[in-house]
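Enquirer: Quick one: the structure is below, questions incoming.
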Amino acid sequence: MPTIHFVHPDNRSESVDADIGNGAMRAALAHGLDGILAECGGSAVCATCHVYVDEAWLAKLKPVGADEDELLDGTASERLPNGRLSCQIEMTSELDGLVLRLPERQT
Ligand code: FES
């Protein structure tokens with residue numbers, strides 16, 4: 001079971017286990033993590049599951065899809081080159097140790 005390290009804006013880190021095949025967002029919600037709202041439940045329409053992927057992990061993720069790319073333009077916190085929607089990051093065993101930084105706000 002891969003572990004995701006979520007880093008809050010104040011640098012506090014929370015580590016949660018994730019199910020393979022599920023989006024990283026689901027692991028955050030399952031553990032009651034503050035900072036991921038996921039208002040649409042993972043349907044890629046709300047952009048409230050925004051995260052910044054630690055640079056060391058970027059190359060291990062699948063590329064941003066067209067829908068995700070469009071939504072990332074409307075995130076509440078600034079879009080950065082490493083910005084992703086956590087519901088679209090499908091967890092695999094290769095992503096064990098993934099570091100995702102949380103933005104200042106989701107709405
Ligand atoms: S949960 Fe709504 S876009 Fe990710």
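Just so you know, all these numbers are worked out from the coordinates, no wet-lab data involved. All of these numbers come straight from a predicted model, not from anything done at the bench. Methodologically, a virtual Cβ is constructed for each residue, glycine included, from the backbone with ideal geometry; neighbour enumeration extends over all protein chains shown.
Enquirer: What spacing in nm lies between the two simple spin-label points modelled at SER43 and GLU70, each 7 Å away from Cα in the Cβ direction?
Expert: So the label points at SER43 and GLU70 sit 1.5 nm apart.
Enquirer: Turning to a different aspect of this structure: Are there GluC sites (Glu not before Pro) in segment 1-103 that DSSP marks as loop and that have at most 14 other Cβ atoms within 10 Å, and which are they?
Expert: Numbers: sites: GLU14, GLU39, GLU55, GLU68, GLU70, GLU78, GLU90, GLU94; in loops: GLU39, GLU78.
Loop-located and lightly packed - GLU39, GLU78.
Enquirer: Tally Lys and Arg at +1 and Asp and Glu at -1 over the other residues with C-beta under 13 Å from the C-beta of ALA30: what net charge comes out?
Expert: For residues surrounding ALA30, the net value is -2.
Enquirer: Another question, then. Under unit Cβ charges (Lys, Arg +1; Asp, Glu -1), what dipole magnitude, rounded to 20 debye, does segment 34-73 have relative to its Cα centre?
Expert: That gives a dipole near 200 debye.
Enquirer: For the chain, what's the relative contact order in percent, using C-alpha pairs closer than 8 Å and at least 6 residues apart? Please report the intermediate quantities before stating the final value.
Expert: Details: 218 pairs, mean separation 44.2, N = 107.
About 41 percent, as a whole number.
Enquirer: Now, a different point. What is the local net charge at GLY65, summed over the other residues whose Cβ is closer than 13 Å to its Cβ (Lys, Arg +1; Asp, Glu -1)?
Expert: With Lys, Arg at +1 and Asp, Glu at -1, the neighbours total -3.
Enquirer: Can I ask one more? Would you mind calculating the gained length between GLU104 and SER15 on full extension (0.36 nm times residue separation, minus the Cα-Cα distance), in nm to one decimal?
Expert: 30.2 nm
Enquirer: In nm, what is the difference between 0.36 nm times the number of residues separating ASN22 and GLU90 and their Cα-Cα distance?
Expert: Between ASN22 and GLU90, full extension yields an extra 23.9 nm.
Enquirer: Okay, next question. Dipole size in debye (nearest 20) for segment 3-101 around its Cα centre, Lys and Arg Cβ +1, Asp and Glu Cβ -1? Provide the component values of the computation, followed by the final result.
Expert: Numbers: 7 positive and 17 negative charges, 17 e Å.
In debye, rounded to 20, segment 3-101 gives about 80.
Enquirer: Now a separate question. As a check on your grasp of the helix formula, calculate [θ] at 222 nm for the chain: sum -39500 (n - 2.57) over DSSP H runs of n ≥ 4, divide by the residue count, round to the nearest 500. Walk me through the numbers before you get to the answer.
Expert: Details: 2 runs with 14 residues, N = 107.
Helices in the chain give a 222 nm mean residue ellipticity of -3500 deg cm²/dmol.
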